[in-house]
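**Q** For reference, the structure I am asking about is given below.
The values are calculated or read from the model by the stated rules, or taken from the named source; none is laboratory data. Owing to the predicted nature of the structure, the values given are computational and were not obtained by experimental measurement. Positions of Cβ are generated from backbone atoms using ideal geometry, with glycine treated the same way; all protein chains shown enter the neighbour counts. These area figures cover heavy atoms from the full protein model, side chains too; ligands, DNA and RNA do not enter into them. Shrake-Rupley method; radii C 1.70, N 1.55, O 1.52, S 1.80 Å.
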Amino acid sequence: MTLVWRHLPRPLCLVTSTLRILEMRPFLSLGASWKSVTKLGLHTRPKMPPCDFTPEKYQSLGYNRVLEIHKKHLSPVVTAFFQKPLLLHQGHMEWLFDAEGNRYLDFFSGIVTVSVGHCHPKVNAVAQKQLGRLWHTSAIFFHAPIHEYAEKLAALLPEPLKVIFLVNSGSEANDLAMLMARAHSNNIEIISFRGAYHGCSPYTLGLTNVGTYKMELPGGIGCQPTMCPDVFRGPWGGSHCRDSPVQTIRKCSCAPDCCQAKDLYIEQFKDMLNTSVAKSIAGFFAEPIQGVNGVVQYPKGFLKEAFELVRARGGVCIADEHFWGFQTHDVLPDIVTMAKGIGNGFPMAAVVTTPEIAKSLAKRLQHFNTFGGNPLACAVGSAVLEVIKEENLQGNSQEVGTYMLLKFAKLKDEFEIVGDVRGKGLMIGIEMVQDKKSRQPLPQEEVNKIHEDCKNMGLLVGKGGIFAQTFRIAPPMCITKLEADFAVEVFHSALTQHMERRAK
Ligand SMILES: Cc1ncc(COP(=O)(O)O)c(C=O)c1O
């Protein structure tokens, strides 16, 4: 994620004027090879699917003023995407509009957070009603929205995961889960994968094993990283390790129901338990699919065996979730943490655990959170769950996600720099490499150019991976196949353009 305010390489207005020119260029069919694009000319822009929503006219701060205020008053930590970060104005379902009225298909959802769609009408209506009724009480009083929400959320989780703690962010949820694991086990050490991202609070930074978040400051005591069983980039992987319709380009001789890569990664896990932690541990955190690390999937059966090994050492198993990835690993965690999509962008998060673990925490400490479970958050959370059910959004994720994943996977055959395409449902990763043989990451400057090109054609995607080498695709769950087609076409065009740049 790069932004260098001081070194904008070209006048700010150029990007938008180029955009307008691009709109007039001919539409490229997905089947065309990158050579034919050369003949057509650069910057082919696929036709954007229609949207019947008209945004309001932007009447707020001008771009330069925003830039000035940002430099002066906002965090200097570099996070915004693109050389000229987008100034967004309005959102509607899967669409975003910038201050100049340009429309973008949002395939990163505010970092995998806008689950049912920007400003979803039902969620908005519920929030507005609750805004006029009661915003805040804190946990010293009862209010119906929290009880309604707790019952709805608990109904979606298997026994004995029935006790809910509400907080405001994913980091807070994981902080609390760490405390619970330690309070329940009476042990200290917690294991997490290399490449894992579990938050940026001082406590969770110990679990987060992404180099850019590690710093020369004390923190994360009692946390132990372990090898990530990454079947594409890691030392082992084969042709049917993943729970995904798309497998790696690596070959293996395993029968479909056995996985040598899984066994080898489990050996590493055992080695870590035998060498790097105390005999008794507090717990093990895992994302069912790693997000920030670039949608990394583990070999089938790995988490099941790892959970057994952790429990044999007295530890509890924590899934840091997306509704509910643990089920696809055939495991039952002791604690489930969730944030992001549960509020469709409203800041809320939850920790769900067993009555026994909840009691262990209550015995040891008074846990309090002023805003956690506030009436507004709970009303929004309930509406989000209702919309997911009413609009069959999980079904849509599976159908459109699989359709799109299979289409993206074809890019692997066409482009040497597409090393791996993976994922499940609407969580998709496209890992870029210098070449398939070395699997060395494509340099960041190149990845950034492709990223910018996608944006210039109206598609917003994310980036991840420890070398920022993987495109992350996680649109709101309401997207259509037509929009998926557009995204694949844009990606194809951007890759084609990039191959042409490289060939020059
Ligand atoms: C898996 C996972 N856990 C925890 C977090 C931290 O959430 P928050 O930024 O809300 O603190 C994130 C954020 O990206 C995440 O992806």
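**Q** Using heavy-atom solvent-accessible surface (probe 1.4 Å) with all chains present, what is the largest-first order of SER244, SER276?
**A** If we order SER244, SER276 from most to least accessible, we get SER276, SER244.
**Q** Between THR137 and SER280, what length comes free when the chain is fully extended (0.36 nm per residue of separation minus the Cα-Cα distance, one decimal in nm)?
**A** 47.4 nm
**Q** Let me ask something additional. Can you list residues whose amide H is under 5 Å from MET477's amide H, if they're 5+ apart or on another chain and H is modeled 1.01 Å from N?
**A** VAL116, GLY117
**Q** In cubic angstrom, how much convex hull volume per residue do the alpha carbon atoms of segment 33-177 span?
**A** 247
**Q** Considering only protein heavy atoms and a 1.4 Å probe, what is the carbon-and-sulfur percentage of the accessible area of segment 276-372?
**A** Here it works out to 54 percent.
**Q** How much area per residue is accessible in segment 367-456 when the probe is 1.4 Å and only protein heavy atoms are counted (Å²)?
**A** Per residue, segment 367-456 has an accessible area of 38 Å².
**Q** With the cut-off at 1.5 for a/c, could you classify segment 176-260 from its C-alpha gyration tensor as rounded, prolate or oblate?
**A** prolate
**Q** So how exposed is ARG502, as accessible area in Å² (1.4 Å probe, rounded to 10)?
**A** 100
**Q** OK, next. Scan around VAL433 for amide H atoms under 5 Å from its own, H built in the peptide plane at 1.01 Å from N, and keep only partners 5 or more places away or cross-chain.
**A** Those lying under 5 Å, H to H, from VAL433 are VAL418, GLY419, LEU442.
**Q** Continuing with this model, one more query. For a distance above 46 Å, tell me the whole-number percent of Cα pairs in the chain that qualify.
**A** Beyond 46 Å sits 11 percent of the P(r) for the chain.
**Q** Explain nothing, just compute: Karplus ³J(HN,Hα) = 6.51 cos²θ - 1.76 cosθ + 1.60, θ = phi - 60°, for every residue of segment 213-218 in order, whole Hz, x for Gly and Pro.
**A** With coefficients 6.51, -1.76 and 1.60, one gets 9, 8, 9, 7, 9, x Hz.
**Q** Using the C-alpha gyration tensor of segment 251-400, what are the square roots of 5 times its eigenvalues, in whole angstrom, with the largest one first?
**A** The answer is 31, 24, 11 Å, longest axis first.
**Q** Using a 1.4 angstrom probe on the protein heavy atoms only, line up LYS424, LYS71 by accessible area, largest first.
**A** LYS71, LYS424
**Q** Can you pull a Stokes-Einstein diffusion coefficient for segment 348-393 at 25 °C (0.890 mPa s), Rh from Kirkwood over Cα pairs, as a whole number of µm²/s?
**A** 191
**Q** Please give the per residue accessible area of segment 72-204, computed with a probe of 1.4 Å over protein heavy atoms only, in Å².
**A** Ligands and nucleic acids excluded, the result is 47 Å² per residue.
**Q** What fraction of the DSSP beta bridges in the chain is antiparallel, stated in percent and rounded to the nearest 5?
**A** Percent antiparallel among DSSP bridges in the chain is about 70.
**Q** Based on alpha-carbon centroids, what's the gap between segment 123-182 and segment 217-248 in Å, whole number please?
**A** Their Cα centres are 31 Å away from one another.
**Q** Let me ask something else. Using θ = phi - 60° and the Karplus curve 6.51 cos²θ - 1.76 cosθ + 1.60, what whole-Hz ³J(HN,Hα) does each residue of segment 127-139 get, with Gly and Pro shown as x?
**A** Using θ = phi - 60°, the values come out as 4, 5, 5, 5, 4, x, 10, 6, 8, 8, 9, 6, 6 Hz.
**Q** Hey, another quick one. Taking 2.2 N^0.38 Å as the expected size of a compact globular protein, what ratio does the Cα radius of gyration of segment 455-504 give against it, to two decimals?
**A** That works out to 1.29 for segment 455-504.
**Q** Out of residues 5 or more away from ILE191 or on other chains, whose amide H comes under 5 Å of its own, with H placed 1.01 Å from N in the peptide plane?
**A** The answer is GLN224, GLY283, PHE284, PHE285.
**Q** Need the full-extension length gain, GLN434 to ALA362, defined as separation in residues times 0.36 nm minus the C-alpha distance. One decimal, nm.
**A** Difference between extended and current length: 20.7 nm.
**Q** Sorting check: for 250-262, 94-106, 296-308, which peptide has the highest mean count of neighbouring beta carbons within 10 Å, and how do the rest follow?
**A** 296-308, 94-106, 250-262
**Q** Any idea what the relative contact order of segment 361-504 is, in percent, if you count C-alpha pairs under 8 Å spaced at least 6 apart?
**A** Taking the mean separation of contacting Cα pairs over the length of segment 361-504, I get 20 percent.
**Q** A further question on this structure: Convert each backbone phi in segment 489-501 into a coupling constant with the Karplus relation 6.51 cos²θ - 1.76 cosθ + 1.60 (shift: θ = phi - 60°), then list the ³J(HN,Hα) values in order as whole Hz, x for Gly and Pro.
**A** 3J(HN,Hα) across segment 489-501, in whole Hz: 5, 4, 4, 4, 5, 5, 5, 4, 4, 5, 4, 5, 4.
**Q** Per residue and in cubic angstrom, what volume does the convex hull of the Cα atoms of segment 206-332 have?
**A** With only Cα atoms used, segment 206-332 gives 120 Å³ per residue.
**Q** Further, regarding this structure: Quick check on segment 147-194: what does the Kirkwood estimate of hydrodynamic radius come out to from the alpha carbon pairs, in Å?
**A** 12.6
**Q** Given LYS129/LYS463; LYS57/LYS340; LYS300/LYS436; LYS129/LYS359, which pairs have Cα atoms separated by over 26 Å?
**A** Check vs 26 Å cut-off fails for LYS129/LYS463; LYS57/LYS340; LYS129/LYS359.
**Q** Related question: Based on alpha-carbon centroids, what's the gap between segment 426-504 and segment 253-294 in Å, whole number please?
**A** First find each Cα centre; the distance between them is then 29 Å.
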